[in-house]
Amino acid sequence: MAPSALPLELIYYIVDHLSNDTPSLRNFCLSASALAIVEHFQQSPHLVKHVSCLDIDVDRLSFPDIDKLSSNPKFFLQFTNLEALIISAAAEEPIPWHSVPEAITVALSALLVERSARPLLHLDLHNLDYISPDLLILALRATTDLAISRCIGSDEEPNGPNLGKHSRAPVVCSPQKTVIVYYSNFLLEMLAWPQLRPYLASIASFKANGDQDPLEPLLALYVLLAPTIPEIHFPGVGDISVEPEEAAALALPSSWPALRTVYAYIRTQKELEEQPSWMLTQLLANVVVPHSTPNLKEIRLNLEMRMQADGAGPQLEGPAAQNGSFTPATPIAWQLNATTLAALDAACASHPTLVALHWTISIRTYCLKLHRYADSDHALLEFAACCEALERALPQTKSSGRLKMEHKGLDT
């Protein structure tokens, strides 16, 4: 039998004594998931000023909470010091937004509308299905940093009858923001809808992650972002799926007039040694070109490698594996694709506005004892060998002072 909840009178008594003890109050909140949270804050309104992050699980709010929100849809507006908001569902599968009780969606919408004038520092939408255009517009208005993960956009028509009042309302000026989308075709297609296009100009940084997802919806969105985006994270080879026979017909936009910083992700050694990925080829053809990116300042390439016994290096074994240390062995011999690296070298050395080609190199070896990839002396040796190989392959960029390399955030 589950333990019974504490009487509300006792909860209020405890909280009143913790009102000036912020650490203890936070610890108490961690154990309060089964309480009627809305009623609790209504009984102790002085607590709301201490809340900087609010995590709303729309699938687990209690019936008393829903009843209170129904009678007071502006309840969340009293959290005036709120900096971050998480709207999520704890269920294994995404929860359809239209199945969330109306009292919750109305109260959250009221909060997002109010914060369009005073944007949150972070807003996270997680594990929600059939996100409405209205919710997406409110989210874009209400924060400077928006992350959308495990969410599926609406499959309505762009001009369907159920878009909501915010989709049809005049565009409200939005702050410059960062948007991260963990890949959803419907969601990316919705961002390209006519009603949402005016808000794309406010996106200062955009990143899309995926898992072998179709590329076409992302390319269509890039076409709309390209005229105004200052910073973009292009997906790695594992995020998108490009069939060889389709590669020639798919291309990135060739004009990025506002672009200043480019991020690209290289997941395997093969991308540098053998045939370059579609994305790396497109960067050379349509991005690292002076007339395409007249304001480009920095290219940041992230190289991530995991080394195993059957791959590019040895596993960690024996007593030394307990703490991740390893007697360095002979590093792998990098055989970089001369054609690809020469093209990158020429493009970076000749671009008139480029300041840096910055490599962030992460090399980890598999530790048998720890059953995970870990840093090691051998990984650092491989990093040094990788740097030497890149310096040899990029002589013009190096001599111009534009070549920068780091390992796990440590400058070299």
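The values are calculated or read from the model by the stated rules, or taken from the named source; none is laboratory data. From a predicted model like this one, the values you see are computed outputs, not experimental measurements. Methodologically, a virtual Cβ is constructed for each residue, glycine included, from the backbone with ideal geometry; neighbour enumeration extends over all protein chains shown.
State which residue is nearest to VAL179 (Cα to Cα) when the search covers only the range 226-261 and only residues that are under 16 Å from the mean Cα position of the chain (by Cα) and of a type in the set (D, E, K, R).
GLU231
Please find, within the range 185-211, the residue that is surrounded by the fewest Cβ atoms within 10 Å (Cβ to Cβ) out of those that are of a type in the set (A, V, I, L, M, F, W, C) and part of a helix (DSSP H, G or I).
First, pick out the residues of the range 185-211 that are of a type in the set (A, V, I, L, M, F, W, C): 186-188, 190-193, 196, 200-201, 203-204, 206, 208.
Then drop every residue that is not part of a helix (DSSP H, G or I), which leaves 186-188, 190-191, 200.
Working: PHE186: 17, LEU187: 21, LEU188: 22, MET190: 23, LEU191: 27, LEU200: 19.
Looking at residues that are of a type in the set (A, V, I, L, M, F, W, C) and part of a helix (DSSP H, G or I), I get PHE186.
Taking into account only those residues within the range 289-302 that are buried (at least 22 other Cβ atoms within 10 Å of the Cβ) and hydrophobic (A, V, I, L, M, F, W, C), which is farthest from ALA258 (Cα to Cα)?
ILE299
Could you give me the residue pairs with C-beta distances under 9 Å whose first residue belongs to the range 44-58 and is surrounded by fewer than 15 Cβ atoms within 10 Å (Cβ to Cβ), whose second residue is in a helix (DSSP H, G or I) and modelled with pLDDT under 90 wherever it lies, and which are 6+ apart or on separate chains?
What qualifies is HIS46/ASP16.
Kindly indicate whether any position in the range 362-375 is surrounded by fewer than 21 Cβ atoms within 10 Å (Cβ to Cβ) and modelled with pLDDT of 75 or more.
Yes: one or more hits.
Out of (1) loosely packed, with under 15 Cβ neighbours inside 10 Å; (2) out of contact with any Asp or Glu (no Cβ under 9 Å at 6 or more places or on another chain), the odd one out for SER99 is which?
With (1) loosely packed, with under 15 Cβ neighbours inside 10 Å; (2) out of contact with any Asp or Glu (no Cβ under 9 Å at 6 or more places or on another chain) applied to SER99, the lone miss is (2).
Inside the range 249-268, can you point out the residues that are modelled with pLDDT under 90 and more than 22 Å from ALA349 (Cα to Cα)?
ALA249, LEU250, ARG267, THR268
Just to be sure, is GLN78 modelled with pLDDT of 75 or more, farther than 26 Å from GLY153 by Cβ and in contact with a Pro (Cβ under 8 Å, 6 or more places away or on another chain)?
Answer is yes for this residue.
Filter the range 269-286 for residues that are outside any helix (DSSP H, G or I) and surrounded by fewer than 18 Cβ atoms within 10 Å (Cβ to Cβ); which is modelled with the lowest pLDDT?
Of all residues in the range 269-286, those outside any helix (DSSP H, G or I) come to 269, 274-277.
Subset that is surrounded by fewer than 18 Cβ atoms within 10 Å (Cβ to Cβ): 274-275.
On the way: GLU274: 83, GLN275: 80.
Among those that are outside any helix (DSSP H, G or I) and surrounded by fewer than 18 Cβ atoms within 10 Å (Cβ to Cβ), it is GLN275.
Give me a count of the residues in the range 337-357 that are buried (at least 18 other Cβ atoms within 10 Å of the Cβ) and not in a helix (DSSP H, G or I).
Selection size over the range 337-357: 4.
Out of (1) in contact with a helix residue (DSSP H, G or I) (Cβ under 7 Å, 6 or more places away or on another chain); (2) free of Cβ contacts under 8 Å to residues at least 12 places away in the same chain, what's the single condition that is false for PHE206?
Going through the list (1) in contact with a helix residue (DSSP H, G or I) (Cβ under 7 Å, 6 or more places away or on another chain); (2) free of Cβ contacts under 8 Å to residues at least 12 places away in the same chain, PHE206 breaks only (2).
Being at pLDDT 90 or above, within 14 Å of LEU221 (Cα to Cα) and under 19 Å from the mean Cα position of the chain (by Cα) narrows it down to one residue among ILE148, ILE203; which is it?
Result of the check over ILE148, ILE203: ILE203.
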